[in-house]
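Structure, as structure tokens:
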Amino acid sequence: MEDPPALPLPEPESEPDPDPEASPAPPQRLLRLRCAVQHYEWGQRGAASLVARLADQNPDPARPYAELWMGTHPSAPSTLLDDGTLLSDWLARNPDALGPAVAARWGVDLPFLFKVLSVAKALSIQAHPDKKLAEVLHALRPSTYKDDNHKPEMAIAITEFRALCGFAGIEELKDVLRAFPEIEGLVGHEDTGKLMNMKEDDGVSEVKSSLQSAFAKLMTASKDMVSEAVAKLISRLNTKSKIRTLTDKEQLVLSLERQYQDDVGVIAALFFNYVKLSPGEALYIGANEPHAYLSGECIECMATSDNVVRAGLTPKYRDVQTLCSMLTYKQGFPEILRGVPVQPHVRRYTPPFNEFEVDWCLVPPGGLVVISPVPGPSIFLVITGEGEIQLDFMSDGEKAEEGDVFFVPAYTEVKISACGPESVQLYRAGVNSRFFS
């Protein structure tokens, strides 16, 4: 009798395909960060500096505390508070904490750098290169230009905050040339005449050419010519101050000259918009735009870079030729952001850059704010108050107080509660939400 035919073996059950929309499980851990302080000379000193109060319980009263860096940039990287591991190393081992879209676009690193600035003295007149120029500068002078990334940035005022940002409009620039004849002595009659003859309906390239030529001549004027022009200007303004109240820009010139004697930046500042931000107001600065922060304290967020091209108001290396050639020479007052409410007690500042956005949270005493999960990483900084922070995988909250900095992985809900008698004020930096839409 023949054997019956063999029955086919049942096929093993296949694993279901992973849902491409499913959120990967983030590492189950609240990471407290230890963040680096930069002691640049322009910083506020001792406990007068918010940076010092956030980072150091016993600040040196004679030492400047200029910037608090929160992120992975190698110039001042953050570490895990409990074991000293570099945040960048931890992210390399836990890429799910970044979320798939962020990791695919920027690799296993944070695309943003989060800072607090305490400014007592004007920073340099500077600009940050676009990505293409950053790559060239880094290859040519890596000791000066320390990475190959661009550096768009945004500053949110914590106190009254003053800055120079972008070239003033045509009519304001003409007013400056009339009010400050010392400029013509450095720029020359021909270039001054071209600026005075500019019209609002002139072509962009024509205006740019005239402005670039005049600005370059100013920035490359000899030290002796600059010193003489500044001395004449200061003498004239001191005399005028006895007769009438000086204008804002006249007062600005006197202030800058006290900080940087005989510096071309004292006169160059007159070419720019003089911006005064109230607490809660913000401005953003794109690549190749001139600016200088003058005074006050702010939250700053930017693409992860430390590339700065300087040309005035600084004892540091000046790359005048690069700065003058890289600027866009766009004119007009910068856009001022005031944040958009995204839920009770939370305002969002969204600049036109993919790498970052910032939320400002003000949790009232006894209140609770729930930050919904987002598909990218976040850094939280507590500025004032005392409360608790609880992530969705934690059974209990952990204490959160002034100066605490937390890294929160992608796809993690965050609850912030205020426990003390005052509101808890904190800021969250994350990848721009428009990047994920």
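The values are calculated or read from the model by the stated rules, or taken from the named source; none is laboratory data. Worth saying up front: this structure is predicted, and the values here are computed from it rather than measured. Glycine also receives a Cβ, built like all others from the backbone with ideal geometry; neighbour counts cover every protein chain displayed. Quick note on the areas: whole protein, heavy atoms, side chains included, nothing else; ligands and nucleic acids left out. Shrake-Rupley method; radii C 1.70, N 1.55, O 1.52, S 1.80 Å.
Which pairs break 22 Å Cα to Cα here: Lys151/Lys316; Lys208/Lys240; Lys199/Lys232?
Listed pairs above 22 Å: Lys208/Lys240; Lys199/Lys232.
Which one, Leu140, Pro111, Gly84, is farthest towards the positive end of the dipole of the chain when Lys and Arg carry +1 and Asp and Glu -1 on their Cβ?
Leu140
If the elastic network links every pair of Cα atoms under 10 Å, which of Ser255, Ser417, Ser295 fluctuates the most in the Gaussian network model of the chain?
Highest fluctuation among the options: Ser255.
Where a Cα-Cα gap under 22 Å defines reach, which lysines qualify for Lys415, not counting those fewer than 8 residues away within the same chain?
Lys399
Expressed as a whole number of Å, what is the distance separating the alpha-carbon centroids of region 178-221 and region 334-364?
Answer, in whole Å: 37.
Keeping all protein chains in place and using 1.4 angstrom, which order do Ser235, Ser433, Ser49 fall into by accessible surface area, from largest down?
Order by accessible area, largest first: Ser235, Ser433, Ser49.
Probe radius 1.4 Å, ligands and nucleic acids ignored: give me the carbon and sulfur share of the accessible area of the chain as a rounded percent.
Solvent-exposed carbon and sulfur of the chain make up 51 percent of the total.
Which GluC sites (Glu not before Pro) in region 176-261 sit in a loop by DSSP (not H, G, I, E or B) and have at most 11 other Cβ atoms within 10 Å of their own Cβ?
Counting only loop positions with at most 11 other Cβ atoms within 10 Å, the GluC sites (Glu not before Pro) in region 176-261 are Glu200.
Hey, what angle do you get for helix 131-140 against the long axis of the chain, alpha-carbon based, 0 to 90 degrees rounded to 10?
With both axes taken from Cα atoms, the answer is about 80 degrees.
Determine the dipole magnitude for the chain: charges of +1 sit on the beta-carbon of Lys and Arg, -1 on that of Asp and Glu, nothing else is charged, the reference point is the Cα centre, and the result goes in debye to the nearest 20.
2580
As I understand it, the value is the acute angle between the Cα axis of helix 248-259 and the longest principal axis of the Cα atoms of the chain; what does it come to in degrees, rounded to 10?
80
If the only charges are +1 at each Lys and Arg Cβ and -1 at each Asp and Glu Cβ, what is the size of the charge dipole of region 387-432 around the Cα centre, to the nearest 20 debye?
Roughly 180 debye for region 387-432.
Counting only C-alpha contacts under 8 Å and six or more residues apart, can you give the relative contact order of region 161-337 as a whole percent?
41
Angle between the Cα long axis of helix 170-179 and the longest principal axis of the chain, 0 to 90 degrees, nearest 10?
40
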